[in-house]
Amino acid sequence: MAPVVSAESAPCVYFKQLAPFLPERLDGFTVAHTQGSTGKYGEVSVSEAERLYTRGEGREVKVRIVDTTMGERIGKAIQEAADRSRGKAASDPSAPIHLDDAVGFVRYDAEESVAEANLLVGGRYVVAVTSRGFPGTVEVRRVARGIDLAGLARLRPGPN
């Protein structure tokens, strides 16, 4: 278990400030669990909030929002992956996501029926939307676009 870090001593947004950006519900799904933590691991601080949504037939969607002092490195990797895919048609399941407040890449593992959208939001936060049991990337794209990315982009550390 990570050591607990107070909002005053952490350079990251406290996880309770991230949690409101997780969708409260997804149509057709049940919320299985919500969790979050803020911790410090040596020089690295990480704050995360996550919610898992389930539906019969082994289908699930997980939304995870992360703020970390490693964000610059992770953000650069997300930006580069999105840039490499920039020329793909919008109908391509692996086409990147380019929105006003977010950029990201999407991938799909057909063998495992797992899709993942990783977004860099506001140049700071990483939002990962993962689906299991769906044929393609439509569900992760729909869920990602339903998140208040503009609001998240404006969020800054403050009192919890």
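The values are calculated or read from the model by the stated rules, or taken from the named source; none is laboratory data. Values in this document were obtained by computation on a predicted structure and should not be read as measured data. Heads up, the Cβs are rebuilt from the backbone with ideal geometry, glycines too, and the neighbour counts pull from every protein chain shown. Remember, those area values only see protein heavy atoms, side chains included, never the ligands or the DNA or RNA. Shrake-Rupley method; radii C 1.70, N 1.55, O 1.52, S 1.80 Å.
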For Gly75, are the conditions met, namely being farther than 21 Å from Thr30 by Cβ, modelled with pLDDT under 90, open to solvent by less than 30 Å² (accessible area, probe 1.4 Å) and in a loop (DSSP other than H, G, I, E, B)? no
Within segment 21-56, count every residue that is farther than 23 Å from Met70 by Cβ and open to solvent by 30 Å² or more (accessible area, probe 1.4 Å). 12
Test for Val63: is it outside any loop (DSSP other than H, G, I, E, B), aliphatic (A, V, I, L, M) and closer than 22 Å to Gly146 by Cβ: yes
Tell me which of these Pro11 doesn't satisfy, since it passes every other one: (1) open to solvent by 30 Å² or more (accessible area, probe 1.4 Å); (2) under 21 Å from Ser113 (Cβ atoms); (3) not in a strand (DSSP E or B). (2)
What's the number of the only condition in (1) touching a strand residue (DSSP E or B) at 6+ places or on another chain (Cβ under 6 Å); (2) without any contact (Cβ under 8 Å) to a residue 24 or more places away in the chain that Val61 fails to meet? (2)
Residue list for segment 104-155, restricted to those being small (Gly, Ala, Ser), crowded, with 22+ Cβ neighbours inside 10 Å and outside any strand (DSSP E or B): Ala144
